[in-house]
Amino acid sequence: MVSVATRSADPKSVQGTQSIDAVSLAIIEQLQEDGRRPYAAIGKAVGLSEAAVRQRVQKLLDQGVMQIVAVTDPLTVGFRRQAMVGINVEGDLDPVADALTAMDEVEYVVVTAGSFDLLIEIVCEDDDHLLETINKRIRTLPGVRSTESFVYLKLRKQTYTWGTR
């Protein structure tokens, strides 16, 4: 599956400062339906020329509003274990978040309010890989006070269409 993931928390603004107009939002929606849709087809759907769509898509990519990526099913490419891990940190969160961000197994890192300081999603080959990642790499980071793991038994829904709602 090829998907478009938007990166702004507010789909109407880029980094909270620039507005995204209705035509750009429509282009994003077209790409979220099919990330390989030809620019000519998108142009027809949104009322622009192929060249204008190409320019707008490049601008959205350059601004970091979206990425066009291939989204895989981890199970089909050899990663049999996924987990959400809640982490409590002593002191400054940034060094821990930066270290987690650098780990290949970590898919995303979120700073939260509530029971955990950070939530991360990790994708591993198997249970041994998961244990090694949590026990030897995450728990040993300076500042990590505790972790709680939520192992995925079955993924029921994963979408990337929230970007223009």
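The values are calculated or read from the model by the stated rules, or taken from the named source; none is laboratory data. All of these numbers come straight from a predicted model, not from anything done at the bench. Cβ coordinates were reconstructed from backbone atoms using ideal geometry, including for glycine residues, and neighbour counts include every protein chain displayed.
Key figures
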item	result
Test: residue in the range 38-48 that is in contact with a Ser or Thr (Cβ under 7 Å, 6 or more places away or on another chain) and in contact (Cβ under 8 Å) with a residue 12 or more places away in the chain	no
Selection count where residues are assigned to a helix (DSSP H, G or I) and within 20 Å of Arg37 (Cβ to Cβ), scope the range 57-86	6
Number of positions in the range 1-36 that are in a loop (DSSP other than H, G, I, E, B) and either at pLDDT 95 or above or under 22 Å from Tyr108 (Cα atoms) (or both)	9
Glu107 being surrounded by 15 or more Cβ atoms within 10 Å (Cβ to Cβ), under 30 Å from Leu31 (Cα atoms), in the same structural domain as Phe79 (by TED's automatic domain parsing) and among the acidic types (Asp, Glu)	no
Qualifying positions in the range 111-160 - surrounded by 14 or more Cβ atoms within 10 Å (Cβ to Cβ), β-branched (Val, Ile, Thr) and outside any helix (DSSP H, G or I)	Ile120, Ile122, Val123, Val144, Thr147
Residue check, Glu132 charged (D, E, K, R), closer than 24 Å to Lys157 by Cβ and outside the structural domain of Glu33 (by TED's automatic domain parsing)	no
